[in-house]
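Participant: This is the structure, below, for whatever I ask next.
Every number in this text was worked out from the coordinates using simple rules, so none of it is lab data. These numbers were taken from a predicted model, which means no experiment stands behind them. No Cβ is skipped: glycine too gets one built from the backbone with ideal geometry, and neighbour counts run over all protein chains shown.
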Amino acid sequence: LLSMLEHIAMPGNFSKVIELILNDSSSVAFDNGQETPPNVKTSSIKLLVSQLKPSHRRIGFDGRGFTELSTRLAKMSPEKLNTLVGPEAVPIMMTSLQNLLYQLP
C-alpha cells in the first residue's frame with residue numbers, strides 16, 4: 001500500500017502516519033531471526049523520500065510535515081537512525097538529502 005502512494009502528493013499531515021510506523025517496533029517482520037523484505041519501515045522511508053521530490057506539485061496543501069520529519073531524521077546520529085529505520089532504509093534516506101535542502105526555508 002505504501003509503495004502505491006509514492007506517486008501521489010500526500011498532505012503533510014500524512015507524515016504523522018509515517019512517524020508512527022517508524023516508531024513502532026512491531027513493524028519489522030522476522031522469519032527465523034532474519035528480517036524479511038519488504039520491510040514496512042523501508043517502505044515508509046521510500047514514501048517519505050518520494051514526498052520530498054520537487055516533481056510533487058502540491059495543490060491546496062503543503063508538505064511541511066514531510067520536511068519536518070525528514071529534518072528530524074537527518075539530525076539523528078547514524079547509530080540511532082540505523083536502529084530506528086533499519087540498515088536498508090538509511091541509504092535511501094541519505095540519498096534524499098539533496099531534495100530536503102530545496103524544501104528548507
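Participant: Would you calculate the separation in nanometres between label points at residue 4 and residue 16, each defined as 7 Å from the Cα along the Cα-to-beta-carbon direction?
Facilitator: The answer from the label model is 2.4 nm.
Participant: Got a sec to turn the phi values of region 74-82 into Karplus ³J(HN,Hα) couplings, 6.51 cos²θ - 1.76 cosθ + 1.60 with θ = phi - 60°, whole Hz, x for Gly and Pro?
Facilitator: Residue by residue, region 74-82 yields 5, 7, 6, 5, x, 5, 5, 5, 4 Hz.
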